[in-house]
Amino acid sequence: EAGVTQSPTHLIKTRGQQATLRCSPISGHTSVYWYQQALGLGLQFLLWYDEGEERNRGNFPPRFSGRQFPNYSSELNVNALELEDSALYLCASSLGASGDVETQYFGPGTRLLVL
Amino acid sequence: KQEVTQIPAALSVPEGENLVLNCSFTDSAIYNLQWFRQDPGKGLTSLLLIQSSQREQTSGRLNASLDKSSGRSTLYIAASQPGDSATYLCAALSGTYKYIFGTGTRLKVLA
């Protein structure tokens, strides 16, 4: 069974640009979570999508947004990039409301570098 | 508000030593607690997941325990090897289904 996949693995942008990160959950999973690991900081929760809707949001500005598609894949968009947005962005998925919502499986991450 | 703390922040041990990594959490109302390994520049590798109703989980040389009443979890690594060198993270799932991560323990096992 394929795990959570993320693309791209690396992304380089300049300040002010927009970045789009993608995540495909494990087949059958309806919930997708996004986390950020900035340099020198711990992993922090960003967003949770389930069944196409945003369920919860971490303490991040509105320029961090996302969406979940009908096939349950997800995009994380970061607008007006700032240098401190440089981080490893991890996506995780779980069965969601239909099953074991508690167990999250993590993807390999996208490393975003803002110059 | 859940807070997760890991002690020590860094640890250096000789090969073959048994060691214990500690994780503390402030809110005992957790769904589960998960231990991860992270190699430099890489994503997370899940090591062990303990559901709130469980006391411990074992996988090979790894054993994780959970004591919700005291808000503590430990990761025991037996017969450590240089390949075990990595950052170990614990994360507690509580509230609205988001993991709260500790800041990690950087482990170095010396050959």
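Across chain B, the longest run free of exposed loop sites, meaning trypsin sites (Lys or Arg not before Pro) lying outside DSSP classes H, G, I, E and B with no more than 11 other Cβ atoms within 10 Å, spans B:56-111. Taking trypsin sites (Lys or Arg not before Pro) across the stretch A:16-115, the ones in a DSSP loop with at most 16 further Cβ atoms lying within 10 angstrom of their Cβ are A:Arg63.
Using only C-alpha atoms and all pairs of different ones, pull out the Kirkwood radius for the stretch A:30-83 in Å with one decimal.
Details: mean 1/r = 0.0853 Å⁻¹.
Here the Kirkwood hydrodynamic radius works out to 11.7 Å.
In the context of the full set of protein chains, the protein assembly as shown has a per residue accessible area of 47 Å² (1.4 Å probe). Within a straight-line Cα-Cα reach of under 17 Å, B:Lys108 can be paired with the following lysines, leaving aside sequence neighbours fewer than 8 residues apart in one chain: B:Lys42. Considering only A:Ala38, A:Gln68, A:Gly58, and ranking their Cα positions along the charge dipole of the stretch A:38-79 that arises from unit charges at the beta-carbon of Lys, Arg, Asp and Glu, the one farthest toward the positive end is A:Ala38.
For chain A, what relative contact order do you get, as a whole percent, if you take Cα pairs closer than 8 Å and at least 6 residues apart?
It rounds to 36 percent for chain A.
Size descriptor for the protein assembly as shown, Kirkwood hydrodynamic radius: 18.0 Å (Cα pairs only, one decimal). In a DSSP loop and with at most 11 other Cβ atoms within 10 Å, the GluC sites (Glu not before Pro) in the stretch A:1-109 are A:Glu1.
Diffusion coefficient of chain A by Stokes-Einstein, Kirkwood radius over Cα pairs, 10 °C, 1.306 mPa s: 114 µm²/s. Across the options B:Phe101, B:Ser85, A:Val114, the greatest Cα extent toward the positive end of the charge dipole of the protein assembly as shown (unit charges at beta carbon of Lys, Arg, Asp, Glu) belongs to A:Val114. In this rough spin-label picture, where each label sits 7 Å from Cα along the Cβ direction, the A:Asn71-B:Lys108 distance is 4.5 nm. Considering only alpha-carbon pairs that sit under 8 angstrom and 6 or more positions apart, the relative contact order computed for chain B is 37 percent.
Can you compute the charge dipole magnitude of chain A about its Cα centre, using +1 on each Lys and Arg Cβ and -1 on each Asp and Glu Cβ, nothing else charged? Give it in debye, rounded to the nearest 20.
On the way: 8 positive and 11 negative charges, 92 e Å.
That gives chain A a dipole magnitude of about 440 debye.
As a calculated quantity, the FRET efficiency between B:Ser70 and A:Ala2 at R0 = 41 Å, using C-beta atoms, amounts to about 0.60. In chain B, Rg over Rh equals 0.96, where Rg is the alpha-carbon radius of gyration and Rh the Kirkwood radius from pairwise Cα distances.
Computed over chain B with a Gaussian network model linking Cα atoms closer than 10 Å, the most mobile of B:Pro14, B:Pro40, B:Pro82 is B:Pro40.
Take the alpha carbon atoms of the stretch B:32-97, find their radius of gyration, then divide it by 2.2 N^0.38 Å using N residues; give the quotient.
Details: Rg = 12.3 Å, N = 66, 2.2 N^0.38 = 10.8 Å.
Cα-based Rg divided by the globular estimate yields 1.14.
In this simple spin-label approximation, B:Ser28 and A:Leu113 carry label points 7 Å from Cα along the Cα→Cβ vector, and these lie 4.7 nm apart.
The values are calculated or read from the model by the stated rules, or taken from the named source; none is laboratory data. Owing to the predicted nature of the structure, the values given are computational and were not obtained by experimental measurement. Glycine gets a Cβ as well: all are built from the backbone with ideal geometry, and neighbour counts include every protein chain shown. Surface accessibility is based on the protein's heavy atoms, side chains included, excluding ligands, DNA and RNA. Shrake-Rupley method; radii C 1.70, N 1.55, O 1.52, S 1.80 Å.
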